[in-house]
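**Q** Attaching a single structure in structure tokens format; questions to follow.
Rule-based calculations on the coordinates, nothing more; no lab input. Here the structure is a predicted model, which means the values were calculated and not measured. Neighbour counts are summed over all protein chains in view; Cβ atoms, including those assigned to glycine, are modelled from backbone coordinates with ideal geometry.
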Amino acid sequence: MKKLVILSGAGISAESGISTFRDAGGLWDKYPVMQVASIEGYEANPELVINFYNERRKQLLNVQPNQGHILCAELEKYFDVTVVTQNVDNLHERAGSHHIIHLHGELTKVCSSYNPNDPRYIRELKPEEFEVKMGDKAGDGSQLRPFIVWFGEAVPEIETAVNYVEKADIFVIIGTSMNVYPAASLLYYVPSNADVYLIDPKDVSINTQRPITHIKKGAGEGMKELLQSLVFSR
Ligand code: OAD
């Protein structure tokens, strides 16, 4: 089976009703990014940041995977698929994808404030625990914090992602503005003979000379077209 790697971003979840970050009216218009998504912001006002992610986490209970996520899972019938996502929601999982690498953490998990990547203290929350409070403690006695990779923090999963991207036969970029590193740099690890697709309704500025097939559509329609050209028209 050919190896297909998907790099997804907020745009794939937009059709489920989750805001993107950098589009007009996106999350970073409403909340100053460095206040709610940086380690400095967390240190300055942990309660504000914990509450921001409580809201995002609770939103998961009211949204469903859309056709874009579902077709990513469907691709597993035809390819050896790895989903590398910048999204912290769980919609790829819920749509049935089996191999997902979360570069920027997961909303449904919490961890230690001393060392967010200490596996002993990373824990999946049950829906009834979705509201994290000041004073809730991780196993090491530190404040329980969202398991999210903030600006200013390491991205430990990037190496695992690179290992898969380096072996890709097909690389699909969907719903990301390619503004955030190291996620955006994954494109540079794609083998030169692999086919690269981009699914996004807008132009995305990507710094590369290599050919990229742009399917200029939203996630659901775009994935349908991709499947059509990769699978059904061969
Ligand atoms: P952005 O908000 O930067 O980009 C979203 C992309 O999705 C844009 O290129 C849109 O054109 C596209 N888009 C919008 N609607 C779409 C649709 N219906 N179908 C397909 N694409 C659509 O989001 P990301 O690139 O994911 O990190 O942002 C990367 C990281 O920046 C996030 O993981 C987050 C943020 O700060 C952290 O919080 C650490």
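**Q** Any idea how far the Cα center of region 104-143 sits from the one of region 168-223, in Å?
**A** Each part reduced to its Cα centre gives a spacing of 33 Å.
**Q** So if I place +1 on the C-beta of Lys and Arg and -1 on the C-beta of Asp and Glu, and nothing else carries charge, what would the dipole magnitude of the chain be about its Cα centre? I want it in debye, nearest 20.
**A** About 400 debye.
**Q** Which of rounded, prolate or oblate describes the chain when judged by the alpha-carbon gyration tensor and an a/c cut-off of 1.5?
**A** Prolate, since a/c reaches 1.5 and a/b exceeds b/c.
**Q** So how do ASP80, ASP136 line up by other beta-carbon neighbours within 10 Å, fewest first?
**A** ASP136, ASP80
**Q** Next question. Rounded, prolate or oblate: pick one for region 170-229, where a ≥ b ≥ c are the square roots of the eigenvalues of its C-alpha gyration tensor, a/c under 1.5 means rounded, and failing that, prolate if a/b is larger than b/c, else oblate. Numbers along the way, then the final one.
**A** Working: a/c = 1.98, a/b = 1.30, b/c = 1.52.
Cα axes put region 170-229 in the oblate bin.
**Q** With r as the distance between the Cβ atoms of ASP23 and LYS133 and R0 = 25 Å, compute the FRET efficiency 1/(1 + (r/R0)^6) and round to 0.05.
**A** Efficiency, from the Cβ-Cβ distance: 0.20.
**Q** Just want the ordering: SER192, SER177, from fewest to most Cβ atoms lying within 10 Å of their own Cβ.
**A** Least crowded to most crowded, the residues run SER192, SER177.
**Q** Rounded to the nearest Å, what's the spacing between the alpha carbon centres of region 1-47 and region 50-66? Just the number, please.
**A** The distance from the Cα centre of region 1-47 to that of region 50-66 comes to 12 Å.
**Q** Test of the criteria: in region 134-229, which trypsin sites (Lys or Arg not before Pro) are in a DSSP loop and have at most 11 other Cβ atoms within 10 angstrom of their Cβ?
**A** LYS202
**Q** Report, in degrees rounded to the nearest 10, the 0 to 90 angle that the Cα long axis of helix 46-59 makes with the longest principal axis of the chain.
**A** Orientation of helix 46-59: about 50 degrees from the principal axis.
**Q** How large is the dipole of region 144-215 about the Cα centre if only Lys and Arg carry +1 and Asp and Glu carry -1, each at its Cβ, rounded to the nearest 20 debye?
**A** 100
**Q** Sort TYR114, TYR164, TYR189, TYR181 so the one with the fewest other Cβ atoms within 10 Å of its own Cβ comes first. Don't skip to the end; give the middle numbers.
**A** Working: TYR114 13, TYR164 21, TYR189 17, TYR181 10.
If I rank by nearby Cβ atoms, fewest first, I get TYR181, TYR114, TYR189, TYR164.
**Q** Show that you can apply the helix-only estimate: for the chain, add -39,500 (n - 2.57) for every DSSP H stretch of four or more residues, divide by all residues, and state [θ] at 222 nm to the nearest 500.
**A** Result for the chain, helices only: -6500 deg cm²/dmol.
**Q** A follow-up question, please. Quick check for me: using +1 on Lys/Arg Cβ and -1 on Asp/Glu Cβ, what's the dipole size of region 83-199 about its Cα centre, in debye to the nearest 20?
**A** Computed charge dipole of region 83-199: roughly 180 debye.
**Q** Any idea which of ALA168, VAL110, SER142 is furthest toward the positive side of the dipole for region 95-218, if Lys and Arg beta-carbons carry +1 and Asp and Glu beta-carbons -1?
**A** Selected residue: ALA168.
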